[in-house]
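*Asks:* Below are the structure tokens for one structure; questions will follow.
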Amino acid sequence: MTTIYDLDAVEELRVRNAVQPHRLKLFRNALFKNSNDWKSALGTLPEAARSDFEDGLKFQCLELAERHDSEIDGASKLIFKTHDHHLIESVVLRPKTGRTSICISSQIGCACYCSFCATGMMGFTRNLTIAEILDQITQTNRMLKPEGRSIRNVVFMGMGEPLLNMENVFQALDYLMDPQLYDLTGSRITVSTVGIPQAMDRFTEMYPDVHLALSLHSARQEVRQRLMPQARVYPLEQIRDTLLKASAHGKVMIEYLMLAGVNDREEDFQALEKYLKGIPVHINLIPFNEYAGSNLRGTPLSERKAFGEKLKVAGFNTTLRYSMGSDIAAACGQLVQHKKKESLI
Ligand code: SF4
């Protein structure tokens, strides 16, 4: 069935019911900007048109299956079920700054098989549709409304590699930045990738205002290959050229998950410093959320701090990230993987 995210179908309904454009605008505002429930959004349309819109459109395409709220830091993990009974995750972060953020999924599972990632252990099922990508945001905004919050930042860093679902992710970006729909500025959106040079080039050409984040995790080719099999296809040298091009549009974010004894030693620091020298980047040092089934361990806080200090001294903008939602398995794929195991018992 057609969803509310199919703008052509909605326009067709408008014309068929002789709804004035400004009434359709009110309807869209109610759904996407004011996060009203769909019944009250329908109330913004002329009465005679409401039943046709109600019968002709599907107002949500994901079902909220579970919600887990952290008791530590206000993070929430949401598990959504797709129409074909797959589970995906979104994570809401409510930092003290007040800027509510959501980390959304772009695929069911992932074909990249990063060794530190619970999603990577699941394998790949399929790409999410544009509607499934956007519905994570629409439904979450509705959930947040009673708290007086709405999503300020969207990060494509949940399940899946966004640049391997490029067409749908790009169209979702168009929707997110459309003043008639979500009306977010590009600077409030981040797309994170394992590093696929051609796709990164296309992304930065098409969306120069949207932040690009590279999951680097090691500047040593052999270590990176062990952590991320995709690194064999796209070596560090090739990615560096792409980073340089992308940085012409602004700072690129570098994500660096700190793993004890894997990428946190002096040689790792030196390789990172050398690799990023001359590129305007912002480095995020990320703690590792350990989970059953992975034998990787996170670098202790004191050592993460020391690593971060050295990067700062070397002249890099560096932020030490703290784990949010550690009590609700907020790292990508952990809860869905847990649910899958439960269903096998
Ligand atoms: S870290 Fe991202 S790209 Fe790598 S396996 Fe997990 S979801 Fe896929």
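The values are calculated or read from the model by the stated rules, or taken from the named source; none is laboratory data. Since the structure is predicted, the reported quantities are computational estimates derived from the model, not experimental observations. Because the Cβ atoms are built from the backbone with ideal geometry, glycine has one as well, and the counts that use them run over all protein chains shown. Remember, those area values only see protein heavy atoms, side chains included, never the ligands or the DNA or RNA. Shrake-Rupley method; radii C 1.70, N 1.55, O 1.52, S 1.80 Å.
*Asks:* Give me the number: length gained by fully extending Glu273 to Lys145, i.e. 0.36 nm times residue separation minus the C-alpha to C-alpha distance, one decimal in nm.
*Replies:* 41.7 nm
*Asks:* Put a dot 7 Å past each Cα toward the Cβ at Arg152 and Gln20; how far apart are the dots in nm?
*Replies:* About 3.6 nm separates the two model spin labels.
*Asks:* When the Karplus curve 6.51 cos²θ - 1.76 cosθ + 1.60 is applied with θ = phi - 60°, which whole-Hz ³J(HN,Hα) does each residue of the range 14-30 get, with x for Gly and Pro?
*Replies:* Rounded to whole hertz, the list is 4, 5, 4, 9, 6, 7, 5, x, 5, 6, 5, 4, 4, 4, 5, 4, 4.
*Asks:* Related question: I'd like the distance separating the alpha-carbon centroids of the range 198-242 and the range 100-132, in whole Å.
*Replies:* Between the Cα centre of the range 198-242 and that of the range 100-132, the gap is 17 Å.
*Asks:* In whole Hz, with x marking every Gly and Pro, tabulate ³J(HN,Hα) for the range 75-86 from phi via Karplus 6.51 cos²θ - 1.76 cosθ + 1.60, θ = phi - 60°.
*Replies:* Once rounded to whole Hz, the list reads 7, 10, 10, 10, 10, 9, 9, 7, 4, 9, 6, 9.
*Asks:* Which of the aspartates and glutamates could a cross-linker bridge to Lys245, judged by Cα under 16 Å and excluding same-chain residues fewer than eight apart?
*Replies:* Partners within reach: Asp201, Glu205, Asp209, Glu237.
*Asks:* Kirkwood Rh over Cα pairs of the chain into Stokes-Einstein at 20 °C, 1.002 mPa s: D in µm²/s?
*Replies:* Estimated diffusion coefficient is 101 µm²/s.
*Asks:* Stretched out fully, how many nm does the piece from Glu309 to Arg297 gain, at 0.36 nm a residue minus the Cα gap?
*Replies:* 2.2 nm
*Asks:* Can you compute 3J(HN,Hα) from phi for each residue in the range 138-154, using the Karplus curve 6.51 cos²θ - 1.76 cosθ + 1.60 with θ = phi - 60°, rounded to whole Hz and x for Gly and Pro?
*Replies:* 4, 5, 5, 4, 5, 5, 7, 3, x, 7, x, 10, 8, 6, 9, 10, 10
*Asks:* Could you compute the FRET efficiency for Ala111 and Gln171, with r as their C-beta to C-beta distance and R0 at 22 Å, rounded to 0.05?
*Replies:* 0.60
*Asks:* Something else now. Stretched out fully, how many nm does the piece from Asp183 to Glu237 gain, at 0.36 nm a residue minus the Cα gap?
*Replies:* In short, 15.8 nm is gained.
*Asks:* If you don't mind, another one. Taking every Cα atom in the range 7-56, find the radius of gyration and the maximum pairwise distance Dmax, and write them in Å.
*Replies:* That works out to 9.7, 26 Å for Rg and Dmax.
*Asks:* Which aspartates and glutamates have a Cα lying under 13 Å from the Cα of Lys312, excluding residues fewer than 8 positions away in the same chain?
*Replies:* Cα-Cα hits under 13 Å: Glu273.
*Asks:* Rounded to the nearest 0.05, what FRET efficiency is calculated for Arg265 and Asn317 with R0 set to 22 Å and r the Cβ-Cβ distance?
*Replies:* 0.50
*Asks:* Out of Ala131, Ser187, Thr319, whose Cα points farthest toward the positive end of the dipole of the range 63-344 (charges: +1 Lys, Arg; -1 Asp, Glu; placed on Cβ)?
*Replies:* Thr319
*Asks:* Please compute the contact order of the range 7-56 in relative form: average sequence separation of alpha-carbon pairs under 8 Å and at least six residues apart, divided by the residue count, as a percent.
*Replies:* 36
*Asks:* Continuing with the same structure: Using amide H atoms built in the peptide plane, which far-off residues or other-chain residues are under 5 Å from Phe124 H to H?
*Replies:* So Phe124 has HN proximity to Cys110.
*Asks:* What part of the accessible area of the range 7-56, given as a whole %, is carbon or sulfur when the probe is 1.4 angstrom?
*Replies:* Taking all protein chains in place, the range 7-56 shows 47 percent carbon and sulfur surface.
*Asks:* Now for a separate question. Only helical DSSP H runs with n ≥ 4 go in: add -39500 (n - 2.57) per run for the chain, normalise by residue count and round the 222 nm mean residue ellipticity to 500 deg cm²/dmol.
*Replies:* For the chain, the value works out to -10500 deg cm²/dmol.
*Asks:* Here's something else I'd like to know. Any idea what the dipole of the range 63-344 comes to, in debye rounded to 20, about its Cα centre with Lys/Arg Cβ at +1 and Asp/Glu Cβ at -1?
*Replies:* Its charge dipole is roughly 480 debye.
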